[in-house]
Structure formats: C-alpha cells, structure tokens
Amino acid sequence: MIRTQIQLTDEQARRVKLVAAEQQVSMATVIRQGVDLLLASKQTAVTDQERVERAIGAAGRFRSGGGDGAVEHDRYLRDAFQQ
C-alpha cells in the first residue's frame, strides 16, 4: 500500500469516524472503500455521447400497438408519471 495524506473537512471527518465505528473498522478502511466505490462508478459511467447514441439507436425500435403516439405523446407521458 502507498501511504497518502489527505485533508477532510470537520464534517467529513466526523461522518467517516461514525461509519468506521459502526463497521468496526479504521477510518482508512472506510476511505479506501469510498475510493473503490468512486472508481467503480467511473468505470461503469456512461458518457453523454454514449447516452445520445443509445437513445438514437432505440428510437423507432419498439411499437406501442397504438397508432396515435405522435399526437397523444404528452397525454401518455403524463399518465405514465401519474401511476
């Protein structure tokens, strides 16, 4: 392991200490776990360009069975969010 010095705000230090106490581990372990979570989320993160490409790729691939989607899309969206 490489020894690294960091600075935390008072609030960050307080909360890390609480988590460490709850898990019965050191603060360093909690911080390493946090770094691992951050790095894992970055590996699986989707870029804006990938989102656009996925959306374009999905457009028109699925059929609703109805013929009025272009006209009634606002109503369908409203109804879906109210469920």
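The values are calculated or read from the model by the stated rules, or taken from the named source; none is laboratory data. All of these numbers come straight from a predicted model, not from anything done at the bench. Because the Cβ atoms are built from the backbone with ideal geometry, glycine has one as well, and the counts that use them run over all protein chains shown.
Report yes if Arg51 is surrounded by 10 or more Cβ atoms within 10 Å (Cβ to Cβ) and either touching a strand residue (DSSP E or B) at 6+ places or on another chain (Cβ under 8 Å) or modelled with pLDDT under 90 (or both), otherwise no.
Judged against the criteria, Arg51 is a match.
Look through Arg63, Arg78, Arg3, Arg15 and report the one residue that is of a type in the set (D, E, K, R) and within 24 Å of the chain's Cα centre (by Cα).
Answer to the selection: Arg15.
Here is a check on your reading of the model: is Leu8 in a loop (DSSP other than H, G, I, E, B) and surrounded by 10 or more Cβ atoms within 10 Å (Cβ to Cβ)?
Judged against the criteria, Leu8 is a match.
Kindly indicate which of Val71, Val52 is over 30 Å from Arg15 (Cβ atoms) and more than 24 Å from the chain's Cα centre (by Cα). Steps first, please.
Numbers: Val52 fails: more than 24 Å from the chain's Cα centre (by Cα).
Being over 30 Å from Arg15 (Cβ atoms) and more than 24 Å from the chain's Cα centre (by Cα) holds for just one of Val71, Val52, which is Val71.
Only one of (1) surrounded by fewer than 11 Cβ atoms within 10 Å (Cβ to Cβ); (2) in a helix (DSSP H, G or I); (3) touching a helix residue (DSSP H, G or I) at 6+ places or on another chain (Cβ under 8 Å); (4) among the aliphatic types (A, V, I, L, M) is not met by Val30, so which one is it?
So the condition that Val30 fails would be (1).
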